[in-house]
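Colleague: Okay, handing you the structure first.
The values are calculated or read from the model by the stated rules, or taken from the named source; none is laboratory data. Predicted, not measured: the structure shown is a model, and the values here were computed from it. Neighbour counts run over all protein chains shown; Cβ positions are idealised from the backbone, glycine included. Accessible surface is based on the protein model in full, side chains and every heavy atom, while ligands, DNA and RNA are left aside. Shrake-Rupley method; radii C 1.70, N 1.55, O 1.52, S 1.80 Å.
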Amino acid sequence: MMENGSLRKSWGKIRQGSFLRRLVMVALILSLGSGCREPSDRPTETVLPPGEIPGMVRHAVQFPTADWGLQTHRVGIGFVWPEHRSIPPLQRPQTEEITLAPGQPFAPYLVLSAAEPITVLVTMILDYRQVPFELNGKYGLLHLIPLTPGGDIELPMRVDVPGEGLHDLIAIAFLDPLNFSTDWAYRLSMDQRLVGRRARIRVGHKLHPARWLPPPIPGASVPPWVNLSLKVALVRPPRGPRDHPSRPGSQLTVVQGKAGRSLPLAVWASNLKGEKGADYAMLFFWNYRQIPFRGEEVIVARLEPDTEIILEGEIQLPAIPGIYQMQVVYVFDPYRSIRNKEVRAPFVFGSPRIAIQVADP
């Protein structure tokens, strides 16, 4: 169980409120929502009801089923095998590297916890491709789950893992997903607004990756006059050799575009002052659905300390005006062993989530 922090430090004690307070929490959670429309990198004429996202399955408010007194973060996420649910979290067997027989699904319980009432949108990435999965008896690509504080919420899940070899699985919980605010202060926050959990799954006896990713793109030296790094961020494409994404106004927060037209943007990944190099595997999400960028589902960059990469591209905006959101999710060193410390860090990271206002052309 972790939230971009140590597996064994991702829980903290939360005092449960009274029954009346719990009812108030439920009312607050159910009141969350905002208008949104179909996300796509191509124009679309689909109009959806307010608060809906294509492929989204709604779940009822989830109350904690166990309280181990270890909650320390706003939201935590992890896995537990059914037979280990009664064991305290710090004593459970690891779930970072798993071996399955061919045809056997990955079917633990998904564990979520919250320090405050919050809604999360859970999705699964298998071999760097977003996949539908079963959660608490419902099947879908995205699962909207209102959480209440007070302990662990444990939901049975199932992900099919086809093909022998090594698989990378990433569970992501997007926080506050239906907040389509264009408030500048909200968007300027460096909060990545997600938590994630990685697992490497070996199916059968083969030891090669189940999917070969594009070769890593090497980074270039960070200019000597640059002293800012946002790790990975969506930025305005540079307008010249001295126009760097670190300059004020280059980082995207709220962007305007015209329906049906293209939106130029760039991704900036930096390892400025990093202690070691790593392969950055970057995935791009438009309203929480994975989309290609520069024609690739996943972009891998090799960044040694004090190197960076700026990749320019464009997104085809939908034909329907509205407010959309975009975010980059990234991990280090795909398909390498987490337990053997072959990855720079075993966590799941996200860029700031930007808002895109699409207006009539």
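Colleague: Can you work out the FRET efficiency for the pair residue 254 and residue 129, with r the C-beta to C-beta distance and R0 = 41 Å, to the nearest 0.05?
Modeller: That gives a FRET efficiency of 0.90.
Colleague: Shape of segment 266-361 from its Cα gyration tensor (a ≥ b ≥ c, root eigenvalues): rounded if a/c is under 1.5, otherwise prolate when a/b > b/c, or oblate?
Modeller: Prolate is the answer for segment 266-361, as a/c is 1.5 or above and a/b outweighs b/c.
Colleague: Related question: Sorting check: for 216-224, 281-289, which peptide has the highest mean count of neighbouring beta carbons within 10 Å, and how do the rest follow?
Modeller: With the highest mean Cβ count within 10 Å placed first, the list reads 281-289, 216-224.
Colleague: Please work out how much length the chain gains when fully extended from residue 273 to residue 179, using 0.36 nm per residue of separation minus the C-alpha to C-alpha distance, in nm with one decimal.
Modeller: Length gained, residue 273 through residue 179: 30.5 nm.
Colleague: May I pose another question? Got a sec to turn the phi values of segment 90-96 into Karplus ³J(HN,Hα) couplings, 6.51 cos²θ - 1.76 cosθ + 1.60 with θ = phi - 60°, whole Hz, x for Gly and Pro?
Modeller: 6, 10, 7, x, 5, 10, 7
Colleague: On to the next question. If you count, for each residue, the other Cβ atoms within 10 Å and average over each peptide, how do 343-352, 247-256 line up from highest to lowest?
Modeller: Taking the mean over residues of other Cβ atoms within 10 Å, the ranking is 343-352, 247-256.
Colleague: Another question, then. What FRET efficiency comes out for the pair residue 226/residue 206, r = Cβ-Cβ distance, R0 = 45 Å, nearest 0.05?
Modeller: 0.55
Colleague: Which pairs, out of 231/273; 231/276; 273/341, put more than 18 Å between their alpha-carbon atoms?
Modeller: As for pairs spanning more than 18 Å Cα to Cα, those are 273/341.
Colleague: A follow-up question, please. Accessible area per residue, 1.4 Å probe, Å², for segment 154-221: what's the number?
Modeller: I get 43 Å² per residue for segment 154-221.
Colleague: Suppose the chain between residue 87 and residue 99 were pulled fully straight at 0.36 nm per residue; how much longer would it get relative to their current alpha carbon spacing?
Modeller: That pair, residue 87 and residue 99, stretches by 2.2 nm at full extension.
Colleague: Now a separate question. Skipping prolines and chain starts, which residues have an amide H placed within reach, meaning under 5 Å, of the one on residue 338, given they are 5 or more residues away or on another chain?
Modeller: none
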